[in-house]
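Remarks on the structure that follows.
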Amino acid sequence: MLFVPFCGCIIRGVTLFKPKVLRFESLPSTNTELARLASEGAAEGLAIVADEQTAGRGRLQRAWSSPKGAGLYFSILLRPSIPTEHWPLITFMAALAAGDALNETTGLHTDIKWPNDLLSNERKICGILAEAIETPAGRAVIVGIGINLTQNATPAELSNVATSVSEATGQQPDRETILAALLRALPRWYSLLHEPAGREKIVAAWCGRSSYATGKFVQVSNGDEVWQGTTCGVEHDGALRLGTASGEIKVVRAGDVYSVRPSS
Ligand code: BTN
């Protein structure tokens with residue numbers, strides 16, 4: 001897998017927003033607080049960073065451990081003007097932006113596990129929670145990004161599946177430097193999403209950075225059902241294509257993916 005950083009020259013259009021950041025010492029969840037501000041009319045590009053979250057939330061109703069100073073806990077408000085069927089690609093562009101920020105500031109080359117977990121050495125270093133909300137100014141998306149900066153970010157029992165920037169690089173990361181890079185990367189990828197052919201470029205960039213995009217034998221669970229198969233690319237809206245033993249292609253739109261060894 002080749003890690004191709006975003007090339008700014010791809011973008012011909014204009015930057016759609018300039019982020020404005022609000023900082024908090026402690027919040028239940030940056031996503032929840034930003035959703036509240038969005039319902040009061042906050043503008044696209046408003047972002048929140050907290051030193052800690054007391055009720056951080058992850059995908060699939062999970063908690064996101066957020067001890068003080070151990071992670072980057074960040075949310076940004078987007079008001080996309082693309083058709084809603086393309087909104088799933090917002091998580092793809094967020095994963096690409098977070099990958100750029102980590103690569104630019106720490107040299108890390110992260111893998112992407114579908115749909116949008118960033119991995120380093122096959123362990124999770126960053127999670128993304130994108131939530132669509134209704135506001136008086138129209139539908140909006142809150143994109144929450146959690147980056148594990150130190151090993152304190154995650155409980156010890158998750159050390160086999162989670163890692164941190166400090167563990168992966170052997171150096172103490174600077175939250176502000178990573179945040180600044182993220183605030184540069186997000187508007188670039190978001191603008192691309194709004195360009196003609198931008199979606200295809202985002203899907204191609206995502207596939208280029210994900211060892212899970214093709215040829216990976218995985219187990220996928222959506223809470224009710226479990227499937228096994230070999231990944232064979234993603235649909236134009238980011239859904240995962242899974243080739244099953246019966247020869248059919250299963251299209252997965254939500255769930256957890258685990259790499260497994262095929263039984264011989
Ligand atoms: C996941 O991988 O399950 C997604 C984790 C997303 C965590 C971030 S931290 C900042 C923002 N606020 C939240 O409550 N969650 C997201």
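A count restricted to the stretch 162-177 and to residues that are assigned to a helix (DSSP H, G or I) and either basic (Lys, Arg) or open to solvent by 10 Å² or more (accessible area, probe 1.4 Å) (or both) stands at 7. Annotation: of all residues in the stretch 76-110 being surrounded by fewer than 19 Cβ atoms within 10 Å (Cβ to Cβ) and among the charged types (D, E, K, R), the one that is farthest from Lys20 (Cα to Cα) is Glu85. For beta carbons closer than 7 Å, sequence separation of 6+ or different chains, a first residue in the stretch 241-255 that is among the polar types (S, T, N, Q) and a second that is surrounded by 12 or more Cβ atoms within 10 Å (Cβ to Cβ), the qualifying pairs are Thr244/Trp227; Thr244/Gly229; Thr244/Lys250.
For the stretch 236-264, a residue qualifies if it is touching a helix residue (DSSP H, G or I) at 6+ places or on another chain (Cβ under 7 Å) and open to solvent by 50 Å² or more (accessible area, probe 1.4 Å), and exactly one does: His236. Looking across the stretch 59-69, the residues that are modelled with pLDDT of 95 or more and either near the ligand (Cβ under 8 Å from one of its atoms) or among the acidic types (Asp, Glu) (or both) come down to Trp64, Ser66.
Does the stretch 147-159 contain any residue that is crowded, with 19+ Cβ neighbours inside 10 Å, closer than 15 Å to Glu104 by Cβ and in contact (Cβ under 8 Å) with a residue 24 or more places away in the chain? Let's see the steps before the verdict.
Applying the first criterion (crowded, with 19+ Cβ neighbours inside 10 Å) to the stretch 147-159 yields 147-149, 153-154.
Going one step further and asking which of them are closer than 15 Å to Glu104 by Cβ, we end up with 147.
Filter again for in contact (Cβ under 8 Å) with a residue 24 or more places away in the chain, leaving 147.
Yes: one or more hits.
Among the criteria (1) open to solvent by 20 Å² or more (accessible area, probe 1.4 Å); (2) among the polar types (S, T, N, Q); (3) over 21 Å from Arg188 (Cβ atoms), the one Ser120 does not fulfil is (1).
Table: residues versus (1) open to solvent by 30 Å² or more (accessible area, probe 1.4 Å); (2) near the ligand (Cβ under 10 Å from one of its atoms); (3) of a type in the set (Asp, Glu); (4) closer than 17 Å to Val141 by Cα.
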| residue | (1), (2), (3), (4) |
| --- | --- |
| Phe24 | yes, no, no, no |
| Ser29 | no, yes, no, yes |
| Thr32 | yes, yes, no, yes |
| Arg36 | yes, no, no, yes |
| Gly41 | yes, no, no, yes |
| Glu44 | yes, no, yes, yes |
| Ile48 | no, yes, no, yes |
| Asp51 | yes, no, yes, no |
| Arg57 | yes, yes, no, yes |
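Looking across Gly229, Gly233, Gly215, one residue alone is more than 15 Å from the chain's Cα centre (by Cα), open to solvent by 40 Å² or more (accessible area, probe 1.4 Å) and not aliphatic (A, V, I, L, M). It is Gly215. Would you confirm, using the coordinates I've provided, whether Leu242 is of a type in the set (A, V, I, L, M), within 18 Å of Glu85 (Cα to Cα) and touching a Phe, Trp or Tyr at 6+ places or on another chain (Cβ under 9 Å)? No; evaluated as a whole, the condition is false for this residue.
The values are calculated or read from the model by the stated rules, or taken from the named source; none is laboratory data. Because the structure is a prediction, the values reported are computed rather than measured. Every residue, glycine among them, receives a Cβ derived from its backbone with ideal geometry; neighbour counts consider all protein chains shown. Heads up: the accessible areas ignore ligands, DNA and RNA and are worked out on the full protein's heavy atoms, side chains in. Shrake-Rupley method; radii C 1.70, N 1.55, O 1.52, S 1.80 Å.
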